[in-house]
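Note sheet for the following structure.
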């Protein structure tokens, strides 16, 4: 059964709108306010700027779309499984590249790595995300586990996946707060347009994550294909 | 039904141990490393120090105990309801006093209020926590709503309560990171004992929150009194 008796449709629509808003906001911040993105640059800040863009659009937004794809797409279960798996693979790869950008920025700017709570949780999350993806691939896709193991694994796959996703959204909050605090310590005014924009982006992100969870907990849009309703 | 087929006992035991560890860690940090607690002081930092202690021990730990009390106590349902309500009231009051300490510190140190993501989410969370408590009191305790409204409200009370609690745990992470970033900007070494202690306290807090959720999702320790099993 689904925990919420309501259809997923309104939750899914709000999720999409929040996802678009979050993607636009983080691009405006990193390109307009912080000067753009670059993998190689003498202005090392441009390397850092890749990090929030890929973590938000990749891990959080595309990852969220992967999570709700079972509930929102009017497709056959096998098709949705492939979409779920591919979207999560894209999210994971963008997340890994995004984390690499943070390390590259630190290394080229002589900033210590892995001292902050954000980095500790971030490494934990990306490792758990990877383990979850590999386990899902092996058990549910190829070669596929025995049917009892698949059935026993499914609720844990859902629960563990939501746990990792909530941690990821929480860690995005930490990232926004940490970077903004650095900027404010370097002179950015606390109620400047940029500071408010970053906080609003964070609020949109937490709302996006919330609506992903609501969508997962609600009734599938199309019910006639025995979609797995996790809870 | 409970989402997890396992008994709450092991989860509840781990929750208690993590709660004790978190309380000890935050007291060691605020008293030993940051100089102690005071409501009136010329050293304004001592006023701030009240904030993490009351938010963690009050809102997060006592609030968490309130949440799991239905699952863990071998008592009659009506007794557990009173304990649940009183513990949440204590958590809420300590949370409000803890937030007041942050404002008092800011005001007496000429620091702006309500500019950070931590403060925005914090105000949102304490307001939602208060609304949740008042709604619960009126509908489930005194004068009590009609039985259909009570039955319809209960799953939403659980879902909304867990949502607010997850936000509170996430916001505690933001608080630890924000304060530690300020300290590091004022000269604290990034891998000093104090910095590591704060990060470990944050990790213990997120584990405590996780085990509160696991406890809620598992089977009640005592089943013979028709305890409400939320999911």
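Within segment B:152-162, the set of residues being within 8 Å of chain A (Cβ to nearest Cβ) and in contact with a helix residue (DSSP H, G or I) (Cβ under 7 Å, 6 or more places away or on another chain) is empty.
For (1) over 23 Å from residue B:45 (Cβ atoms); (2) at pLDDT 95 or above; (3) surrounded by fewer than 21 Cβ atoms within 10 Å (Cβ to Cβ), each residue gets a yes or a no:
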site	(1), (2), (3)
B:127	yes, yes, yes
B:130	yes, yes, yes
B:171	no, yes, no
B:209	yes, yes, no
B:213	yes, yes, no
B:221	yes, no, yes
B:229	yes, no, yes
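Tallying residues that are under 20 Å from residue A:196 (Cβ atoms), in contact with a helix residue (DSSP H, G or I) (Cβ under 8 Å, 6 or more places away or on another chain), more than 9 Å from every other protein chain (Cβ to nearest Cβ) and crowded, with 17+ Cβ neighbours inside 10 Å within segment B:103-124 yields 2.
Among the residues making up segment B:115-130, those that are farther than 18 Å from residue B:82 by Cα and either in a helix (DSSP H, G or I) or under 15 Å from the mean Cα position of the chain (by Cα) (or both) are B:117, B:118, B:119, B:120, B:121, B:122, B:123, B:124, B:125, B:126, B:127, B:128. Whenever a residue of segment A:176-194 is at the interface with chain B (Cβ under 10 Å from one of its Cβ atoms) and over 19 Å from residue A:54 (Cβ atoms), its partners that are surrounded by 18 or more Cβ atoms within 10 Å (Cβ to Cβ) and at pLDDT 95 or above, lying with C-beta atoms within less than 7 angstrom and at least six residues away or across chains, give the pairs A:181/B:178; A:181/B:181; A:184/A:195; A:189/A:195; A:190/A:184; A:190/B:115; A:191/B:115.
Applying the set (1) under 22 Å from residue B:185 (Cα atoms); (2) in contact (Cβ under 8 Å) with a residue 24 or more places away in the chain to residue A:65 leaves exactly one unmet item: (1).
Conditions tested, residue by residue: (1) touching a strand residue (DSSP E or B) at 6+ places or on another chain (Cβ under 9 Å); (2) at pLDDT below 95; (3) within 15 Å of residue B:217 (Cα to Cα).
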{"site": "B:8", "(1), (2), (3)": "yes, yes, yes"}
{"site": "B:13", "(1), (2), (3)": "no, no, yes"}
{"site": "B:26", "(1), (2), (3)": "no, no, no"}
{"site": "B:46", "(1), (2), (3)": "no, no, no"}
{"site": "B:60", "(1), (2), (3)": "no, no, no"}
{"site": "B:66", "(1), (2), (3)": "no, no, yes"}
{"site": "B:75", "(1), (2), (3)": "no, yes, no"}
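Within segment B:84-114, track down each residue that is outside any helix (DSSP H, G or I) and without any contact (Cβ under 8 Å) to a residue 12 or more places away in the chain.
Narrowing segment B:84-114 to residues outside any helix (DSSP H, G or I): B:109-114.
Residues satisfying the conditions are B:110, B:111, B:112, B:113, B:114.
Which members of segment A:1-28 meet the condition of being within 14 Å of another protein chain (Cβ to nearest Cβ) and more than 24 Å from residue B:160 (Cβ to Cβ)? The answer is A:25, and nothing else.
Entry remark, segment A:134-150: residues being in contact with a helix residue (DSSP H, G or I) (Cβ under 7 Å, 6 or more places away or on another chain), free of Cβ contacts under 8 Å to residues at least 60 places away in the same chain and in a helix (DSSP H, G or I) number 6 in total.
The values are calculated or read from the model by the stated rules, or taken from the named source; none is laboratory data. Note that the coordinates shown come from a computational prediction; the quantities given were computed from them, not determined experimentally. Please note: Cβ atoms are built from the backbone with ideal geometry, for glycine as well, and neighbour counts cover all protein chains shown.
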